[in-house]
Each structure stands twice: as structure tokens, then as C-alpha cells.
Amino acid sequence: MLWYQDFDRRMQGSPIRVLQEESMSAHTTFRIGGPARRMAVPGSAEEVRLLLELAEEHRWPTLILGGGSNLLVSDQGIDRLVIATAGLRELCAEGETLTAGAGVRLSRLAAFAAERGLGGLSFAQGIPGTVGGAVFMNAGAYGGEMAQVVERVTAWLPDRGVCTLPREELGFAYRHSRFSEGEGVVLAAELRLEGGRDPAELQSEMEELRERRRQRQPLELPSAGSTFKRPVGHYAGTLIESCGLKGLQVGGAQVSEKHAGFVVNRGGASCADVLALMEEVQRRVYEETGVRLEPEVRAVGPD
Ligand SMILES: Cc1cc2nc3c(=O)[nH]c(=O)nc-3n(C[C@H](O)[C@H](O)[C@H](O)COP(=O)(O)OP(=O)(O)OC[C@H]3O[C@@H](n4cnc5c(N)ncnc54)[C@H](O)[C@@H]3O)c2cc1C
């Protein structure tokens, strides 16, 4: 029996919402991606655990979906069970500690903290996506990153089930965590913030960063943010621009004219267009500068 037939059979009568052949272009900020064989939208961490255990037991291939803001999904789609975390929306504060479900949007998290005079999350305000995706990527901007504020994570690990991982076990490095090595799923994160800050001051700090983004980044077009990681000692965007690649286009994918660090979808770009453009950029930057650009965007499929 094919894995998704087994899945459908076991999901009969389950309250978990399941979508069939759901276009991933509707779930990624790039607006690219073919259908996911099945997409489950669990409403609680308990339902996520159940799905993960079933998937582990029956060897169903999975993909965890946060905000889809760092994903480049194959045009042919993905033959996997996509588990969306949007239903994990718990968000509460106790003193200087915030607890947030994996599906909470970073913008909401930063605003929630600021309203309570808790500092340390202004950097996160303009990063699209969810708490889970941000922990997975150790997302960061303007000198801040998740590693600075995450105290512990409630995760599901294949060999331990639901467990609590302290910061030291999260393997944080630049745009990297233990989860990006393919191990486990973030269910919630506990953040330690700086208390006693003036909410109005935090708001204006965030507004200033928002404005900087608006001026420098091509937010008006679909993208997945920075296409490449920052190479040691350089900025990817500056290198790409110095090689004269701003505006370079393959099909509907283009090196942004506003910020060369972004590949944007000018309309109708396919995953193949983006990958071909990324390869061309990598090749020309390597030939001209000797620097190898490593993708930050995560390509998924075809399976
Ligand atoms: C306009 C724009 C600006 C951006 N600016 C920044 C920036 O300043 N700094 C920055 O770091 N990034 C930036 N990004 C990239 C992106 O927003 C981040 O990488 C973000 O953290 C991804 O989160 P997500 O929830 O969208 O993850 P997704 O794109 O849904 O997933 C990314 C990866 O994380 C995995 N994942 C997601 N949730 C979980 C979970 N709960 N448990 C385990 N694995 C999980 C997915 O399987 C996938 O492999 C930008 C993107 C855009 C579109």
C-alpha cells in the first residue's frame, strides 16, 4: 500500500484537518511549489505528536511547515506528509520569560514582548515566519538572533518523544541549529528577555528596523529572503552585486534589482527557474571572487 493510502486509512474519523494535493505555492512566501501529497493541520502539540509518532512508526515521509518563508518547493510537488504548525499558537508571559508555540508568528511574538516592556526581540519583528522555523534556522537580523533569547525548547525527537532541550543542547550556530541537521521538531520555545524596558521605546526601535527593511529589501515581490548565507568576511549581496549580477533573470526568477542578496519571483517563476538562477550566481561569484556561496533557502523535493 502506498504511504498516503495508509495515512488516509488511519486518519479516518480523526479530528485533524487533512488537505489532499495541496499546492505548496499557497504556503510559501516565494509563491512557488507543486502539490503536497497530504497536508495535515493539527490544532495542538498533542496532535502534532500523534502525527509524528504515526509517521515514525509507519515510515511516512514528512516535512514540517512553518511560515514557508525559507522554503523553495519543487514544481513537481512533494510526495510527503506536510505537517503545518500554524495551530500551535500558545503565547504567554511570566516575568521575563515568554513561552511561544512553534506556530506563533515572529512579528506577533515581538509585538507581544514589546507591549509588556520585554526587550531583546526587536530584531525579530520583520522576519517572516514562525517561532519553530526561526529556532530551526537560528533566524536573525540587525545583530540579534534566536540563539540570544531562546532558553529552552520543547521538542519532539524520534528517539525521545516529547522532551525539553536546554539552550546548550540546541546546537545554535550561524543560521543553524540541531533541528536543521534533520533531527526533531520544535513544538514550543521558552525565551528569556530583558524586563523593565519602555514599551514605547521598543515600538520605535522596531519601527526603525521595519523602515530599514522597507528601504533596502524587495518586500513588494515574493521571495524567501536572503538566498545565500553570509560567507565569512563578506556579504552575499555585495559580492553578487560586484559581479554585475543584479537584475540577472532566468524565467520569472530574478536577482533583485533592489538588493542582490534576494532572488525574487517576478511572476510565474518556477522552482527550476530559481535553482538555475542560483547555480548561475554561485558559478559566476566563485569564478570572479573565489567565494563559494551556500544557499540559505531550503530546497525541498522532488521526492
Ligand atoms: C522578505 C523576507 C525577509 C527575511 N528576512 C530574514 C532575516 O532578516 N533573517 C533571517 O534569519 N531570515 C529571514 N528570512 C527567512 C525566513 O523568514 C527565516 O528563515 C524564518 O526563520 C523561516 O521560518 P518559517 O516558519 O517560515 O520556516 P519555513 O520556511 O516554514 O521552514 C524552514 C525550515 O524549517 C523547518 N521547520 C519549520 N518549522 C519547524 C518546526 N516547528 N520544527 C522543526 N522544523 C521546522 C522546515 O521544515 C524547513 O526545513 C526572510 C524571508 C523573507 C521572505
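What pairs can you find where one residue is in region 1-30 and modelled with pLDDT of 95 or more, the other is open to solvent by 90 Å² or more (accessible area, probe 1.4 Å), and their Cβ atoms are less than 9 Å apart, with a gap of 6+ or different chains?
TRP3/ARG59; TYR4/GLN20; ASP8/GLN20; ARG9/MET1; SER25/ARG31
Among (1) more than 10 Å from the ligand (Cβ to nearest atom); (2) open to solvent by 20 Å² or more (accessible area, probe 1.4 Å); (3) more than 17 Å from VAL162 (Cβ to Cβ); (4) among the polar types (S, T, N, Q), there is one condition SER44 misses while meeting the rest; what is its number?
SER44 satisfies all of (1) more than 10 Å from the ligand (Cβ to nearest atom); (2) open to solvent by 20 Å² or more (accessible area, probe 1.4 Å); (3) more than 17 Å from VAL162 (Cβ to Cβ); (4) among the polar types (S, T, N, Q) except (3).
Before we move on, is ALA173 within 15 Å of the chain's Cα centre (by Cα) and either more than 7 Å from the ligand (Cβ to nearest atom) or at pLDDT 95 or above (or both)? Please lay out each step first, then the result.
Working: within 15 Å of the chain's Cα centre (by Cα): no; either more than 7 Å from the ligand (Cβ to nearest atom) or at pLDDT 95 or above (or both): yes.
No, not satisfied.
Among the candidates ALA93, ALA113, ALA86, which residue alone is surrounded by fewer than 23 Cβ atoms within 10 Å (Cβ to Cβ) and away from the ligand (no atom under 12 Å from the Cβ)?
Criteria check complete, one pass: ALA93.
May I ask you to list pairs of residues, at least six apart or on different chains, whose Cβ atoms are under 7 Å apart, with the first in region 93-120 being within 18 Å of ALA147 (Cβ to Cβ) and the second being acidic (Asp, Glu) and in a loop (DSSP other than H, G, I, E, B)?
Pairs found: THR99/GLU90; ALA100/GLU90; LEU118/GLU96.
If VAL263 passes every condition in (1) of a type in the set (Val, Ile, Thr); (2) open to solvent by less than 50 Å² (accessible area, probe 1.4 Å); (3) assigned to a helix (DSSP H, G or I) but one, which one does it miss?
Only one criterion is unmet by VAL263, namely (3).
Given the structure, is ILE127 touching a Ser or Thr at 6+ places or on another chain (Cβ under 9 Å), part of a strand (DSSP E or B) and within 14 Å of the ligand (Cβ to nearest atom)? Show your work before the answer.
Working: touching a Ser or Thr at 6+ places or on another chain (Cβ under 9 Å): yes; part of a strand (DSSP E or B): no; within 14 Å of the ligand (Cβ to nearest atom): yes.
The answer is no for ILE127.
Which of the residues belonging to region 244-260 are open to solvent by 50 Å² or more (accessible area, probe 1.4 Å) and part of a loop (DSSP other than H, G, I, E, B)?
GLY244, LYS246, GLY251, GLU257, LYS258, HIS259
Where in region 139-243 are the strands (runs of 3 or more DSSP E), entirely inside, with at least 1 residues that are over 26 Å from VAL291 (Cα atoms), charged (D, E, K, R) and touching a Lys or Arg at 6+ places or on another chain (Cβ under 8 Å)? Explain how you work it out, then say what you get.
Working: elements: 150-157, 161-166, 185-192, 223-226.
Fully inside region 139-243 and qualifying: 150-157, 185-192.
The values are calculated or read from the model by the stated rules, or taken from the named source; none is laboratory data. Computed from a predicted model, the values in this text were never measured in an experiment. Neighbour counts are summed over all protein chains in view; Cβ atoms, including those assigned to glycine, are modelled from backbone coordinates with ideal geometry. Each accessible area value is taken on the protein alone, full model and side chains, heavy atoms only, with ligands, DNA and RNA left out. Shrake-Rupley method; radii C 1.70, N 1.55, O 1.52, S 1.80 Å.
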